[in-house]
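Step one of this worksheet: look at the structure below.
The values are calculated or read from the model by the stated rules, or taken from the named source; none is laboratory data. Computed from a predicted model, the values in this text were never measured in an experiment. Glycine also receives a Cβ, built like all others from the backbone with ideal geometry; neighbour counts cover every protein chain displayed. Note: accessible area is taken over every heavy atom of the protein model, side chains too, but ligands, DNA and RNA are not part of it. Shrake-Rupley method; radii C 1.70, N 1.55, O 1.52, S 1.80 Å.
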Amino acid sequence: MQCNALSLARPAVIPVLDFSIEEIMAARDNGNILSMDLEITEACNFACVYCYRYDSEGAQPPAADELTTDDVLRILTEAKEKHDLRRVCILGGEPLFPAIREKYIATLEHCNTLGIEHITFTNGYHLDVATADQLSRLNASVSMKLNGMDAQTHDALVARKGSFQRTLEAFEYLLQLGYGTDKTLSFETIITQSNYDQIESMWRWARTRNIVPYVETLTVQGRSNIHAERLVVANDRLQQLFERLSHIDSEEFGLEWEPLPPIAGGHRCLRYYMSIYVRANGAVCPCVGVDLPMGSLKTSSIADVIASEVAQKTRYMRDHITGKCKSCELSEACYGCRGAAYQQGDVFGEDPVCWRNVVTG
(Lines give C-alpha, C1' and ligand atoms only; values in the text may rest on other atoms or scores of the structure.)
Protein backbone atom coordinates (compact mmCIF):
# COMPACT_ATOMS: atom_id res chain seq x y z
CA MET A 1 0.00 0.00 0.00
CA GLN A 2 1.30 3.45 -0.87
CA CYS A 3 1.32 5.35 2.40
CA ASN A 4 2.45 8.73 1.08
CA ALA A 5 -1.02 9.67 -0.16
CA LEU A 6 -4.25 10.03 1.79
CA SER A 7 -6.15 6.75 1.71
CA LEU A 8 -8.42 6.85 4.80
CA ALA A 9 -7.58 3.21 5.36
CA ARG A 10 -6.15 0.98 8.04
CA PRO A 11 -2.36 0.95 7.83
CA ALA A 12 -0.37 -2.00 6.56
CA VAL A 13 1.13 -4.23 9.23
CA ILE A 14 3.94 -6.76 9.06
CA PRO A 15 2.77 -9.99 7.36
CA VAL A 16 2.50 -12.18 10.46
CA LEU A 17 0.00 -9.83 12.11
CA ASP A 18 -2.67 -9.46 9.44
CA PHE A 19 -4.81 -12.57 9.88
CA SER A 20 -8.53 -12.05 10.42
CA ILE A 21 -10.14 -12.81 13.78
CA GLU A 22 -12.09 -15.62 12.11
CA GLU A 23 -8.91 -17.26 10.77
CA ILE A 24 -7.18 -16.91 14.14
CA MET A 25 -9.98 -18.46 16.17
CA ALA A 26 -10.46 -21.30 13.69
CA ALA A 27 -6.75 -22.09 13.93
CA ARG A 28 -6.91 -22.08 17.73
CA ASP A 29 -9.91 -24.40 17.85
CA ASN A 30 -8.45 -26.78 15.25
CA GLY A 31 -5.03 -27.10 16.90
CA ASN A 32 -3.23 -25.19 14.16
CA ILE A 33 -0.52 -22.51 14.13
CA LEU A 34 -0.87 -19.87 11.44
CA SER A 35 2.44 -18.27 12.43
CA MET A 36 5.65 -19.22 14.17
CA ASP A 37 8.40 -17.16 15.78
CA LEU A 38 11.52 -19.17 15.00
CA GLU A 39 14.95 -18.44 16.45
CA ILE A 40 17.55 -20.06 14.21
CA THR A 41 20.52 -19.01 16.34
CA GLU A 42 21.52 -17.38 19.60
CA ALA A 43 24.50 -15.73 17.91
CA CYS A 44 24.36 -11.94 17.82
CA ASN A 45 26.94 -9.29 17.00
CA PHE A 46 25.06 -6.59 18.94
CA ALA A 47 24.51 -6.14 22.68
CA CYS A 48 21.31 -4.08 22.73
CA VAL A 49 20.73 -2.59 26.16
CA TYR A 50 17.01 -3.45 25.95
CA CYS A 51 17.54 -7.06 24.79
CA TYR A 52 14.81 -9.40 26.03
CA ARG A 53 16.84 -12.52 25.31
CA TYR A 54 20.14 -12.25 27.19
CA ASP A 55 21.04 -11.31 30.75
CA SER A 56 24.78 -10.99 30.19
CA GLU A 57 26.51 -8.01 28.59
CA GLY A 58 28.30 -8.28 25.25
CA ALA A 59 27.73 -10.00 21.93
CA GLN A 60 26.75 -13.68 21.84
CA PRO A 61 28.33 -16.61 19.94
CA PRO A 62 26.29 -19.51 18.50
CA ALA A 63 25.21 -21.95 21.23
CA ALA A 64 26.29 -25.58 21.19
CA ASP A 65 22.74 -26.94 21.48
CA GLU A 66 21.12 -24.97 18.65
CA LEU A 67 18.72 -26.60 16.23
CA THR A 68 20.52 -28.02 13.21
CA THR A 69 19.49 -27.19 9.67
CA ASP A 70 17.78 -30.57 9.43
CA ASP A 71 15.90 -29.83 12.67
CA VAL A 72 14.64 -26.50 11.32
CA LEU A 73 13.50 -27.97 8.01
CA ARG A 74 11.75 -30.86 9.78
CA ILE A 75 9.90 -28.48 12.11
CA LEU A 76 8.75 -26.30 9.23
CA THR A 77 7.56 -29.31 7.25
CA GLU A 78 5.60 -30.68 10.22
CA ALA A 79 4.07 -27.27 10.93
CA LYS A 80 2.99 -26.78 7.33
CA GLU A 81 1.70 -30.27 6.59
CA LYS A 82 -0.04 -30.93 9.90
CA HIS A 83 -0.85 -27.52 11.39
CA ASP A 84 -1.51 -25.12 8.47
CA LEU A 85 1.56 -22.94 9.10
CA ARG A 86 1.44 -19.93 6.79
CA ARG A 87 4.01 -17.44 8.02
CA VAL A 88 7.27 -17.48 9.94
CA CYS A 89 9.13 -14.74 11.79
CA ILE A 90 12.81 -15.65 11.51
CA LEU A 91 14.60 -14.39 14.61
CA GLY A 92 17.87 -14.65 16.47
CA GLY A 93 20.18 -13.70 17.83
CA GLU A 94 20.99 -12.33 14.43
CA PRO A 95 19.76 -14.43 11.47
CA LEU A 96 22.33 -12.90 9.11
CA PHE A 97 25.24 -13.78 11.41
CA PRO A 98 27.93 -15.16 9.05
CA ALA A 99 28.54 -18.38 11.00
CA ILE A 100 24.95 -19.57 10.50
CA ARG A 101 24.27 -18.08 7.07
CA GLU A 102 24.02 -21.48 5.38
CA LYS A 103 21.28 -22.56 7.82
CA TYR A 104 19.46 -19.26 7.34
CA ILE A 105 19.42 -19.51 3.53
CA ALA A 106 18.28 -23.14 3.72
CA THR A 107 15.43 -22.02 5.99
CA LEU A 108 14.23 -19.42 3.49
CA GLU A 109 14.52 -21.84 0.57
CA HIS A 110 12.52 -24.47 2.45
CA CYS A 111 9.83 -21.94 3.37
CA ASN A 112 9.51 -21.07 -0.31
CA THR A 113 9.27 -24.74 -1.27
CA LEU A 114 6.50 -25.29 1.27
CA GLY A 115 4.66 -22.09 0.39
CA ILE A 116 5.28 -20.44 3.79
CA GLU A 117 5.64 -16.65 3.85
CA HIS A 118 8.57 -15.43 5.93
CA ILE A 119 9.86 -12.22 7.46
CA THR A 120 13.42 -11.85 8.71
CA PHE A 121 14.09 -9.68 11.77
CA THR A 122 17.67 -8.43 11.46
CA ASN A 123 19.88 -5.71 12.88
CA GLY A 124 21.09 -5.05 9.32
CA TYR A 125 24.80 -4.94 10.12
CA HIS A 126 25.61 -7.78 7.71
CA LEU A 127 23.04 -6.78 5.10
CA ASP A 128 25.28 -5.67 2.22
CA VAL A 129 24.44 -5.31 -1.47
CA ALA A 130 24.91 -9.01 -2.22
CA THR A 131 22.79 -10.07 0.76
CA ALA A 132 20.03 -7.63 -0.17
CA ASP A 133 19.93 -9.09 -3.67
CA GLN A 134 19.81 -12.61 -2.26
CA LEU A 135 16.95 -11.73 0.09
CA SER A 136 15.04 -10.18 -2.77
CA ARG A 137 15.48 -13.28 -4.93
CA LEU A 138 14.31 -15.43 -2.02
CA ASN A 139 11.21 -13.25 -1.65
CA ALA A 140 12.04 -12.38 1.95
CA SER A 141 10.11 -9.72 3.82
CA VAL A 142 12.50 -7.83 6.08
CA SER A 143 12.17 -5.98 9.39
CA MET A 144 15.28 -4.08 10.39
CA LYS A 145 16.31 -2.54 13.67
CA LEU A 146 16.30 1.28 13.75
CA ASN A 147 16.58 2.89 17.16
CA GLY A 148 16.96 6.56 16.36
CA MET A 149 17.50 9.20 13.72
CA ASP A 150 21.16 9.75 14.57
CA ALA A 151 24.20 7.60 15.18
CA GLN A 152 24.63 8.65 18.80
CA THR A 153 21.19 7.36 19.80
CA HIS A 154 21.07 4.22 17.67
CA ASP A 155 24.64 3.07 18.29
CA ALA A 156 24.33 3.54 22.06
CA LEU A 157 21.18 1.44 22.26
CA VAL A 158 22.69 -1.44 20.26
CA ALA A 159 26.17 -1.04 21.80
CA ARG A 160 27.87 -1.15 18.40
CA LYS A 161 29.65 1.89 16.99
CA GLY A 162 29.05 2.42 13.28
CA SER A 163 25.83 0.41 13.21
CA PHE A 164 23.57 3.38 12.38
CA GLN A 165 25.37 4.06 9.10
CA ARG A 166 25.29 0.36 8.21
CA THR A 167 21.55 0.28 8.91
CA LEU A 168 20.81 3.26 6.66
CA GLU A 169 22.87 1.70 3.87
CA ALA A 170 21.00 -1.59 4.26
CA PHE A 171 17.64 0.17 4.00
CA GLU A 172 18.81 1.90 0.83
CA TYR A 173 19.97 -1.37 -0.73
CA LEU A 174 16.54 -2.90 -0.12
CA LEU A 175 14.59 0.14 -1.29
CA GLN A 176 16.55 0.15 -4.56
CA LEU A 177 15.42 -3.46 -5.10
CA GLY A 178 11.74 -2.57 -4.79
CA TYR A 179 11.21 -3.18 -1.09
CA GLY A 180 8.42 -0.99 0.26
CA THR A 181 6.56 -1.51 -3.03
CA ASP A 182 6.90 -5.12 -4.17
CA LYS A 183 7.96 -6.64 -0.83
CA THR A 184 7.25 -5.75 2.78
CA LEU A 185 9.94 -3.72 4.51
CA SER A 186 9.60 -2.53 8.09
CA PHE A 187 11.69 -0.99 10.82
CA GLU A 188 11.52 -2.23 14.39
CA THR A 189 12.30 -0.27 17.53
CA ILE A 190 11.69 -0.25 21.27
CA ILE A 191 10.56 3.00 22.87
CA THR A 192 13.14 4.16 25.43
CA GLN A 193 13.96 7.39 27.20
CA SER A 194 16.80 8.13 24.78
CA ASN A 195 14.87 7.70 21.51
CA TYR A 196 11.44 8.90 22.70
CA ASP A 197 11.73 12.34 21.11
CA GLN A 198 12.87 10.85 17.79
CA ILE A 199 10.05 8.35 17.26
CA GLU A 200 7.81 10.79 15.40
CA SER A 201 10.60 11.68 12.96
CA MET A 202 11.34 7.98 12.48
CA TRP A 203 7.64 7.37 11.82
CA ARG A 204 7.44 10.02 9.11
CA TRP A 205 10.74 8.84 7.58
CA ALA A 206 9.28 5.36 7.29
CA ARG A 207 5.82 6.28 6.01
CA THR A 208 7.20 8.45 3.18
CA ARG A 209 9.25 5.44 2.00
CA ASN A 210 6.44 2.89 2.40
CA ILE A 211 8.35 1.25 5.24
CA VAL A 212 6.04 -0.23 7.87
CA PRO A 213 6.84 1.14 11.36
CA TYR A 214 6.95 -1.49 14.10
CA VAL A 215 7.25 0.55 17.29
CA GLU A 216 6.64 -1.19 20.58
CA THR A 217 6.81 -0.58 24.30
CA LEU A 218 9.59 -2.10 26.38
CA THR A 219 9.07 -5.34 28.26
CA VAL A 220 11.59 -5.29 31.11
CA GLN A 221 13.39 -8.62 30.97
CA GLY A 222 16.77 -10.00 30.03
CA ARG A 223 19.47 -7.34 29.66
CA SER A 224 16.98 -4.49 30.05
CA ASN A 225 16.65 -5.38 33.74
CA ILE A 226 20.18 -4.04 34.19
CA HIS A 227 19.40 -0.77 32.40
CA ALA A 228 15.73 -0.28 33.35
CA GLU A 229 16.22 3.08 35.12
CA ARG A 230 17.47 4.74 31.94
CA LEU A 231 15.17 2.87 29.55
CA VAL A 232 11.61 2.73 30.91
CA VAL A 233 9.17 5.40 29.72
CA ALA A 234 6.19 6.22 31.94
CA ASN A 235 2.75 5.05 30.80
CA ASP A 236 1.33 8.54 30.41
CA ARG A 237 4.19 9.51 28.08
CA LEU A 238 3.70 6.31 26.09
CA GLN A 239 0.01 7.15 25.69
CA GLN A 240 0.83 10.66 24.52
CA LEU A 241 3.32 9.33 21.97
CA PHE A 242 0.90 6.73 20.61
CA GLU A 243 -1.78 9.40 20.26
CA ARG A 244 0.62 11.71 18.40
CA LEU A 245 1.62 8.90 16.04
CA SER A 246 -2.04 8.11 15.40
CA HIS A 247 -2.67 11.79 14.66
CA ILE A 248 0.27 11.90 12.22
CA ASP A 249 -1.08 8.89 10.37
CA SER A 250 -4.59 10.30 10.23
CA GLU A 251 -3.69 13.85 9.20
CA GLU A 252 -0.70 13.22 6.95
CA PHE A 253 -1.20 9.73 5.52
CA GLY A 254 -4.92 9.03 5.74
CA LEU A 255 -4.45 5.99 7.97
CA GLU A 256 -6.73 5.27 10.91
CA TRP A 257 -5.92 3.17 13.97
CA GLU A 258 -6.67 3.20 17.68
CA PRO A 259 -3.67 4.03 19.89
CA LEU A 260 -3.22 1.01 22.14
CA PRO A 261 -0.08 -0.65 23.53
CA PRO A 262 2.12 -2.55 23.13
CA ILE A 263 2.58 -1.86 19.38
CA ALA A 264 1.76 1.40 17.60
CA GLY A 265 0.23 1.61 14.14
CA GLY A 266 -2.75 -0.72 14.20
CA HIS A 267 -0.75 -3.87 14.94
CA ARG A 268 -2.69 -6.26 17.15
CA CYS A 269 -0.79 -9.05 18.84
CA LEU A 270 -3.00 -12.14 18.93
CA ARG A 271 -0.16 -14.65 18.67
CA TYR A 272 -1.23 -16.65 21.70
CA TYR A 273 -4.28 -17.95 19.88
CA MET A 274 -2.45 -19.25 16.82
CA SER A 275 1.33 -19.11 17.18
CA ILE A 276 4.31 -20.55 19.04
CA TYR A 277 7.78 -19.21 19.81
CA VAL A 278 10.57 -21.70 19.12
CA ARG A 279 13.91 -20.93 20.71
CA ALA A 280 17.22 -21.72 19.04
CA ASN A 281 17.58 -24.89 21.12
CA GLY A 282 14.10 -26.16 20.22
CA ALA A 283 12.38 -25.15 23.47
CA VAL A 284 8.88 -23.76 22.90
CA CYS A 285 7.24 -20.89 24.80
CA PRO A 286 4.08 -18.84 24.20
CA CYS A 287 6.04 -15.76 23.02
CA VAL A 288 9.38 -13.98 23.33
CA GLY A 289 8.21 -12.21 26.48
CA VAL A 290 6.95 -15.30 28.31
CA ASP A 291 9.30 -18.21 28.97
CA LEU A 292 6.75 -20.67 30.35
CA PRO A 293 7.82 -24.08 28.96
CA MET A 294 5.52 -25.83 26.49
CA GLY A 295 7.91 -28.61 25.43
CA SER A 296 10.79 -29.06 23.02
CA LEU A 297 10.61 -29.67 19.27
CA LYS A 298 13.81 -31.66 19.52
CA THR A 299 11.92 -34.38 21.37
CA SER A 300 8.20 -33.65 20.96
CA SER A 301 5.76 -33.05 18.12
CA ILE A 302 3.99 -29.75 17.56
CA ALA A 303 0.74 -31.52 18.45
CA ASP A 304 2.24 -32.46 21.83
CA VAL A 305 3.32 -28.86 22.40
CA ILE A 306 -0.15 -27.51 21.58
CA ALA A 307 -1.69 -30.09 23.92
CA SER A 308 0.50 -28.93 26.85
CA GLU A 309 -1.18 -27.30 29.84
CA VAL A 310 0.55 -23.96 29.19
CA ALA A 311 -0.55 -23.92 25.54
CA GLN A 312 -4.13 -24.84 26.31
CA LYS A 313 -4.44 -22.08 28.90
CA THR A 314 -2.74 -19.38 26.83
CA ARG A 315 -4.51 -20.32 23.58
CA TYR A 316 -7.79 -19.81 25.45
CA MET A 317 -6.55 -16.63 27.09
CA ARG A 318 -9.96 -15.02 27.73
CA ASP A 319 -10.98 -17.96 29.92
CA HIS A 320 -8.10 -17.27 32.31
CA ILE A 321 -7.24 -13.59 32.07
CA THR A 322 -8.03 -11.45 35.14
CA GLY A 323 -8.57 -7.86 36.22
CA LYS A 324 -9.35 -4.95 33.93
CA CYS A 325 -8.05 -6.75 30.84
CA LYS A 326 -10.83 -9.32 31.25
CA SER A 327 -13.60 -6.72 31.60
CA CYS A 328 -12.22 -4.31 28.98
CA GLU A 329 -14.62 -3.60 26.12
CA LEU A 330 -11.81 -4.41 23.66
CA SER A 331 -11.12 -7.86 25.10
CA GLU A 332 -12.60 -9.70 22.10
CA ALA A 333 -9.74 -8.49 19.90
CA CYS A 334 -7.08 -7.53 22.47
CA TYR A 335 -5.63 -9.15 25.56
CA GLY A 336 -2.91 -6.59 26.31
CA CYS A 337 0.77 -7.40 26.48
CA ARG A 338 1.09 -10.76 28.19
CA GLY A 339 4.86 -10.37 28.37
CA ALA A 340 4.50 -7.21 30.44
CA ALA A 341 1.99 -8.95 32.73
CA TYR A 342 4.23 -12.01 33.06
CA GLN A 343 7.22 -9.90 34.11
CA GLN A 344 4.99 -8.57 36.91
CA GLY A 345 4.37 -12.12 38.11
CA ASP A 346 1.20 -13.34 36.39
CA VAL A 347 0.86 -14.03 32.67
CA PHE A 348 -2.93 -13.75 33.03
CA GLY A 349 -2.87 -10.54 35.07
CA GLU A 350 -3.60 -6.98 33.98
CA ASP A 351 -1.28 -5.44 31.43
CA PRO A 352 0.75 -2.95 33.54
CA VAL A 353 1.66 -0.87 30.47
CA CYS A 354 -1.88 -0.33 29.15
CA TRP A 355 -3.15 3.15 30.01
CA ARG A 356 -6.75 1.96 29.76
CA ASN A 357 -6.16 0.06 32.98
CA VAL A 358 -5.28 3.37 34.65
CA VAL A 359 -7.86 5.61 33.00
CA THR A 360 -10.76 3.26 33.73
CA GLY A 361 -9.54 2.25 37.17
On the accessible surface of the chain, probed at 1.4 Å, how many percent belong to carbon and sulfur atoms? 49
At a temperature of 25 °C and a viscosity of 0.890 mPa s, determine how fast the stretch 117-255 diffuses translationally according to Stokes-Einstein, using the Kirkwood radius over alpha-carbon pairs as Rh; express D in µm²/s, rounded to the nearest whole number. 156
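Say R0 is 41 Å: what FRET efficiency, to the nearest 0.05, do residue 128 and residue 29 get from their beta-carbon distance? Present the calculation step by step, with values, prior to reporting the outcome.
On the way: r = 45 Å, r/R0 = 1.09.
According to the calculation, E is roughly 0.35.
Hey, what D do you get for the chain in µm²/s if you plug the Kirkwood alpha-carbon radius into Stokes-Einstein at 37 °C and 0.692 mPa s?
Values: Rh = 20.6 Å.
Rounded, D is 159 µm²/s.
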Amide H neighbours of residue 141 at under 5 Å, excluding residues fewer than 5 places away on the same chain, with H built from the backbone geometry, are 118, 120
For the chain, with every protein chain kept in place, what is the accessible area per residue (1.4 Å probe, Å²)? 40
Give me the orientation-averaged projected area of the Cα convex hull of the stretch 68-195, in nm², one decimal. 8.3
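Counting only DSSP beta bridges with both residues in the chain, what percent are antiparallel, rounded to the nearest 5? The partial results should precede the final answer.
On the way: 7 of 35 bridges.
So the antiparallel bridges amount to about 20 percent of the total.
Starting with the highest mean, order 168-178, 275-285, 324-334 by the number of other Cβ atoms within 10 Å, averaged over the residues of each peptide.
Working: 168-178: 17.6, 275-285: 22.3, 324-334: 14.8.
Ranking, from highest mean packing down: 275-285, 168-178, 324-334.
Counting only other residues whose beta carbon sits under 12 Å from that of residue 289, what net charge do I get with K and R as +1, D and E as -1? Intermediate values should be presented prior to the final figure.
Working: positive: 53, 271, 338; negative: 37, 216, 291, 351.
Charge balance near residue 289 sits at -1.
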